[in-house]
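Here's the structure, in structure tokens; my notes come after.
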Amino acid sequence: MNELDKYLDLVKYNYDPEWQTIEVDGDLKPRDYLNFAKQDIEEVEGSRSLINAFLNAKRALHYQIDLLIEAYGYKSHKNRNTFPAKQEYCKKCGIVSPGILDKLNKVRNDIEHDYTVPTKSEVDDFIDVVELFLAATDRFFYRLPDNIVFPGLDEDYQDQFNDIYNVKLVQGMGKVIVSRQIGDTEQQETIAAPSEEFFMWCSFLSKCTQ
């Protein structure tokens, strides 16, 4: 972990990132459900429109999170199929700031009660915070981290970066491959979820490709 710390400290350094995309199967995308939610709450008044708006916004949220965490390998190892577990995985991978997730969770919990009708104000707030989440994470669908190539760095950093030259996220597999140059020998190390080092490298990759 001490080795990783020096890279995290230099996360704002001008690395040479490469990206991949997340493919979405099917006709509908998360933002389509968000648009349905907005239409539901604007076009019709009453309990039915409020419930439909909330459910469609919730679908947008869950769909987006599922797509993101699957790209980071959520299904590659045993995980609970619950929203809090998925949300925690999202946070640990550095996909979105903890502040947005905390706000999202609070609004969701405030209005999600069995057999109750949310108020328009509650649904409006939920739609707003889901839109904020989508806006903060849409970039991953066309800028999902692939490789971080450590370029020829200036003399101030040469000693710190003389071994690792590439870090790669293997989409959907829950693996990060770290490539090293040790003398004339190239070595690769695979770091897999759910190790804490895997999540730290994912967070590093996410920040470097912003």
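Data table
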{"read-out": "Contact order relative to length of the chain, as percent, for alpha carbon pairs under 8 angstrom and 6 or more apart", "value": "29 percent"}
{"read-out": "Under 19 Å from the Cα of K86 - lysines, other chains or at least 8 residues apart", "value": "K29, K58, K75, K78, K103, K106, K175"}
{"read-out": "Where the range 12-114 is the region considered: accessible area per residue in Å², 1.4 Å probe", "value": "57 Å²"}
{"read-out": "Exposed-loop-free span, longest in the chain, where GluC sites (Glu not before Pro) count as exposed if DSSP calls them loop and at most 14 other C-beta atoms lie within 10 Å", "value": "46-111"}
{"read-out": "Relative contact order of the range 36-141, pairs being alpha-carbon contacts under 8 Å that are 6 or more residues apart, as %", "value": "33 percent"}
{"read-out": "Gaussian network model of the chain, springs between alpha carbon atoms under 10 Å - residue of N166, N56, N81 with greatest fluctuation", "value": "N81"}
{"read-out": "Lone cysteines, the chain (no partner Cβ under 4.7 Å)", "value": "C90, C208"}
{"read-out": "For K86, net neighbour charge (Lys/Arg +1, Asp/Glu -1) across residues whose Cβ lies under 9 Å away", "value": "-1"}
{"read-out": "Whole-percent carbon and sulfur share, accessible surface of the chain, 1.4 Å", "value": "46 percent"}
{"read-out": "The chain - convex hull of alpha carbons, volume per residue in Å³", "value": "126 Å³"}
{"read-out": "T21, T190, T137, ranked by accessible area, largest first (probe 1.4 Å)", "value": "T190, T21, T137"}
{"read-out": "Linear extension gain, D114 paired with K38, 0.36 nm per residue minus alpha-carbon span", "value": "25.1 nm"}
{"read-out": "Net charge, N35 excluded, C-beta distance under 13 Å - Lys, Arg +1, Asp, Glu -1", "value": "-1"}
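The values are calculated or read from the model by the stated rules, or taken from the named source; none is laboratory data. Given the structure is predicted, the values throughout are model-derived calculations rather than measurements. Cβ: placed from backbone, ideal geometry, glycine included. Neighbour counts: every protein chain shown. For the accessible areas, the whole protein counts, side chains as well, though only heavy atoms, and no ligand, DNA or RNA atoms are used. Shrake-Rupley method; radii C 1.70, N 1.55, O 1.52, S 1.80 Å.
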